[in-house]
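Peer 1: One structure, as structure tokens, below. Some questions next.
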Amino acid sequence: MKIKKTVSPSILFVSVLLLVNQCHGQSNVVYYGTNASPINVAFADASLSVSAQASIVADLQICLSEWGKETYLSLDLGADEPGLIGYLERPSISPHYPENIEFPKGVTNTPSGPALYIPKKLSNAYTNAFAFAAANSNIVVAAYEFVAFISSSNFVSLSSNALPNYILLKNKYSETITESNEIVRLASQIIPGLCYQTFYTPSVLGFYYSPEGPSASNLWLNIPSSTLPSNNMMEWSGYSVLWHNGKWVFCSWNEWMP
């Protein structure tokens, strides 16, 4: 069983405060690549406040801190889109974002040099996400606490009997929720699959509503995760968890479980 990377709860809570309070005084620069190379950030929406820009930059850096080590700047051949001079290339889609949101890759030229270009559509999505986080701070904090736990050795050593507190499954033969004793029975299959992955700090854009799940409108969170198969090539994916009965749980609602 893989020992998971421990995420400091203090780092997670600082991340929450940055996003919810829209921090001030941060320059619009993010760091990418193996050597943490800096690149400026430019916004299409000139009306964005300084604090909103800083909060977006903070969240972009969360995404780039681990997954972004595999990104690289490509300016040699230019870009085939107006206003762009190249791209911040990446090997995969961002595991921090839901499927309907794409991590920015266009690079534009500014008086300060090349800059990662943030379209208005993306900055609008961030503005809405910050408003959600501010209005639902207890749920957001609980999400970061959940990520801290599943990224720790405490989760790796979780007993089978405790697993039903963190798992929600749909019964194979009906639309009902699988009973706790059945989850305990399946623990030997479930726990190794979860512990094989490494989980990372989510983006504020990772929260989304979907009709999938036990309610008509369900709140989900996309948690970035990685695995290191035998070929030593890092594989990234987004792992969705569900807010259910006042807590975050792993949920496989769109799959028929054993």
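Peer 1: Counting only residues that are crowded, with 17+ Cβ neighbours inside 10 Å, closer than 24 Å to LEU64 by Cα and of a type in the set (A, V, I, L, M), how many does the stretch 211-241 have?
Peer 2: Within the stretch 211-241, residues that are crowded, with 17+ Cβ neighbours inside 10 Å, closer than 24 Å to LEU64 by Cα and of a type in the set (A, V, I, L, M) number 3.
Peer 1: Can you run down the residue pairs with Cβ atoms below 8 Å, 6 or more apart or on separate chains, where the first is in the stretch 27-38 and touching a residue at least 12 places away in the same chain (Cβ under 8 Å) and farther than 22 Å from SER55 by Cβ and the partner is surrounded by 14 or more Cβ atoms within 10 Å (Cβ to Cβ) and of a type outside the set (Asp, Glu)?
Peer 2: GLY33/GLY68; GLY33/LYS69; GLY33/THR71; GLY33/TYR72; GLY33/LEU73; THR34/LYS69; SER37/TYR31; SER37/LEU73
Peer 1: Further question on the same structure: Give the residues of the stretch 69-90 that are charged (D, E, K, R) and without any contact (Cβ under 8 Å) to a residue 12 or more places away in the chain, sorted by residue number.
Peer 2: Selection gives ASP76, ASP80.
Peer 1: OK, next. Starting from the stretch 117-128, take each residue that is touching a residue at least 24 places away in the same chain (Cβ under 8 Å) and list its partners that are of a type in the set (Lys, Arg) and crowded, with 17+ Cβ neighbours inside 10 Å, counting only C-beta distances under 9 angstrom and pairs at least six apart or across chains.
Peer 2: Note: pairs meeting the criteria are TYR117/LYS105.
Peer 1: Does the stretch 119-135 include one or more residues that are in contact with a helix residue (DSSP H, G or I) (Cβ under 8 Å, 6 or more places away or on another chain), under 14 Å from TYR32 (Cα atoms) and at pLDDT 95 or above?
Peer 2: No, that holds for no residue.
Peer 1: Taking only pairs six or more apart or across chains, which ones have beta-carbon atoms under 8 Å, a first residue in the stretch 142-165 that is closer than 23 Å to GLU182 by Cα and touching a residue at least 12 places away in the same chain (Cβ under 8 Å), and a second residue that is surrounded by fewer than 18 Cβ atoms within 10 Å (Cβ to Cβ) and of a type in the set (Phe, Trp, Tyr)?
Peer 2: Between residues of the stretch 142-165 that are closer than 23 Å to GLU182 by Cα and touching a residue at least 12 places away in the same chain (Cβ under 8 Å) and residues that are surrounded by fewer than 18 Cβ atoms within 10 Å (Cβ to Cβ) and of a type in the set (Phe, Trp, Tyr), the close pairs are PHE155/PHE149.
Peer 1: Could you list all residues from the stretch 190-247 that are within 16 Å of the chain's Cα centre (by Cα) and of a type in the set (Gly, Ala, Ser)?
Peer 2: Residues satisfying the conditions are SER203, GLY206, SER225, SER226, SER237, GLY238, SER240.
Peer 1: Being aliphatic (A, V, I, L, M) and touching a Pro at 6+ places or on another chain (Cβ under 9 Å) is the filter; apply it to the stretch 88-141 and report the residue that is farthest from GLY206 (Cα to Cα).
Peer 2: Among those residues, the one meeting the criterion is VAL107.
The values are calculated or read from the model by the stated rules, or taken from the named source; none is laboratory data. Note that the structure is predicted; figures quoted are calculated from it, not measured. Don't worry about glycine lacking a Cβ; one is built from the backbone with ideal geometry, like all the others, and counts go over all protein chains shown.
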